[in-house]
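Student: My questions will all concern the structure given below.
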Amino acid sequence: MKILWVKSGGFLPLDTGGKIRSYSLLRELARRHDMSVFTFYPKHANDQHGNLREFCREVVLAPLELPTRASLPDMVAYARNIARPVPYSMVKYCRPEVGVRLRELLASRSYDVIICDFLLTAAVVPWNLPCPKILFTHNIEAVIWERHWRVSRNPFFKMISWREYRTMARVERLYLQKADHVLTVSDSDRDCFSRVIAPQKITTIPTGVDVDYFKPTGNPGSGQPGTLVFTGSMDWMPNEDAILYFAEKILPAVQERIPDVKLLVVGRKPSPRVQALAAGNSCIHVTGTVPDIRPSLENACVYVVPLRIGGGTRIKIFEAMAMGKSVVSTAIGAEGLPVTHGKNILLADRPADFTAAVVNLLSDEQERKRIGAAAHQMVQSQYSWSAVTDILESTLKATVARYERKRYSTELCAVSA
């Protein structure tokens, strides 16, 4: 098949879960089909997107000059959009010039199927094009903004979150209906979207992991005594909220039980609030960007995911599991993943319960090994990117075949009339 993959936010560097998922599936599909890419993203130094040409037939790049989040230009742009019924996070990326370039590409090439990767990309896709269009949703975007609205204590950000939630819910519904097929990353997301569109129009593409890259170098459950780790892009608001919540509500209670505990916060662009955590508590170490997260995972005894906001699934949990780490997560943190509390993960939502789970694993090496080994076995045996791509490939073929049958039937009816 000739496939065009259209994506906002770019693919590289691989510093977010969404990028890792998209890049991994794109690379696997390119081994089997004729892949082209159109992507638009914030302009940045050391742009690596040219590397996509190593396995894609055609790569069209549209780097954009975008204002920094929460900067004065960003706030001015937000204010200008406030009267429009469209979320600012979509308007910010989907510039008119991006739509023009995409339509020029589509006028000069034909494709068997188009993948619209992330809801935010949908505003530039010509949905009336005579070709099957598949919307790949990594999250329920409206739910993420709704959760921001519910937990935020800042009145200004609470107002912004409410507006993004309401406008995002509207456009999410619109593009779900426009798409010929919809991909979700969890059954819970699929069930939610089934209230808007027919369930047979939705396929869940499980979260995968590079099991050759993420694998334990020692025994599952090992690590430096008393060491916790959290990984993720620290400029993504749910991650920032998670680590601030953990440091305020959970870590002090853990320190009372285990005084020499250490917390590694690993991920790009930590905010001043996150950096201040390390200044105020000597047990917290904020690394910022690292070239390879595996050493941080390997050194830790327990991987923590104290997320209160989010949607889709967390690839980082599978990465930790693939390396044999025992994981403690909130229900939202592990939402949509095929995990079992007490078997291959510990789930806890209340601060006291989360504290107890962390302390138990830090104190009990045998329990850490049991949980870590079960987690590693599950991911290793079922969730490689190759296995996940098999599901995606089958869905693409079925969607194209269904579209062609529908078009043939329509043409036949027109001739008969």
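The values are calculated or read from the model by the stated rules, or taken from the named source; none is laboratory data. Note that this is a predicted model, so its numbers are computed, not measured. Here the Cβ is made from the backbone with ideal geometry for all residues, glycine too, and neighbour counts use every protein chain on show. Quick note on the areas: whole protein, heavy atoms, side chains included, nothing else; ligands and nucleic acids left out. Shrake-Rupley method; radii C 1.70, N 1.55, O 1.52, S 1.80 Å.
Student: Assign one of three labels to the stretch 186-297, namely rounded, prolate or oblate, based on the Cα gyration tensor with a ≥ b ≥ c the square roots of its eigenvalues; rounded applies when a/c is under 1.5, prolate when it is not and a/b is larger than b/c, and oblate otherwise.
Tutor: Prolate, since a/c reaches 1.5 and a/b exceeds b/c.
Student: With a 10 Å cut-off between alpha carbons and a GNM built on the chain, which of THR68, THR389, THR39 moves the most?
Tutor: Per the Cα network of the chain with a 10 Å cutoff, THR68 tops the list.
Student: Which chymotrypsin sites (Phe, Trp or Tyr not before Pro) in the stretch 169-229 pass both tests, a DSSP loop state and at most 13 other beta-carbon atoms within 10 Å?
Tutor: Taking the stretch 169-229 and a limit of 13 other Cβ atoms within 10 Å, the loop chymotrypsin sites (Phe, Trp or Tyr not before Pro) found are TYR213.
Student: Taking a 20 Å limit on the Cα-Cα distance, which of the listed pairs LYS215/LYS262; LYS215/LYS269; LYS2/LYS133; LYS178/LYS406; LYS19/LYS369; LYS325/LYS369 fall beyond it?
Tutor: LYS215/LYS262; LYS215/LYS269; LYS19/LYS369
Student: State to the nearest 20 debye the size of the charge dipole of the chain about its Cα centre, where the only charges are +1 on K and R beta carbons and -1 on D and E beta carbons.
Tutor: Value, rounded to 20: 1000 debye.
Student: While we're on this one: Could you compute how fast the stretch 212-251 diffuses translationally, taking Rh as the Kirkwood radius over C-alpha pairs and applying Stokes-Einstein at 20 °C with viscosity 1.002 mPa s? Give it in µm² per second.
Tutor: Here the translational diffusion coefficient equals 171 µm²/s.
Student: In nm², what is the average projected area of the convex hull enclosing the Cα atoms of the stretch 278-353?
Tutor: 6.1
Student: Give the label of the value calculated from the structure for semi-axes √(5λ) of the Cα gyration tensor in Å, choosing from [x] 43, 31, 21; [y] 38, 25, 20; [z] 34, 23, 20.
Tutor: Read-out from the structure maps to [y].
Student: Work out the charge dipole of the chain with +1 on the Cβ of Lys and Arg and -1 on the Cβ of Asp and Glu about the Cα centre, then indicate which of ALA373, ASN360, VAL305 is farthest towards its positive end.
Tutor: Checking the options against the dipole of the chain, the answer is VAL305.
Student: A further question follows. Return the carbon/sulfur percentage of the accessible area of the stretch 137-224, one whole number, probe 1.4 Å, all protein chains in place.
Tutor: Carbon and sulfur atoms account for 52 percent of the accessible area of the stretch 137-224.
Student: Before I look further, what does the chain give for accessible area per residue, probe 1.4 Å, in whole square angstrom?
Tutor: The answer is 44 Å² per residue.
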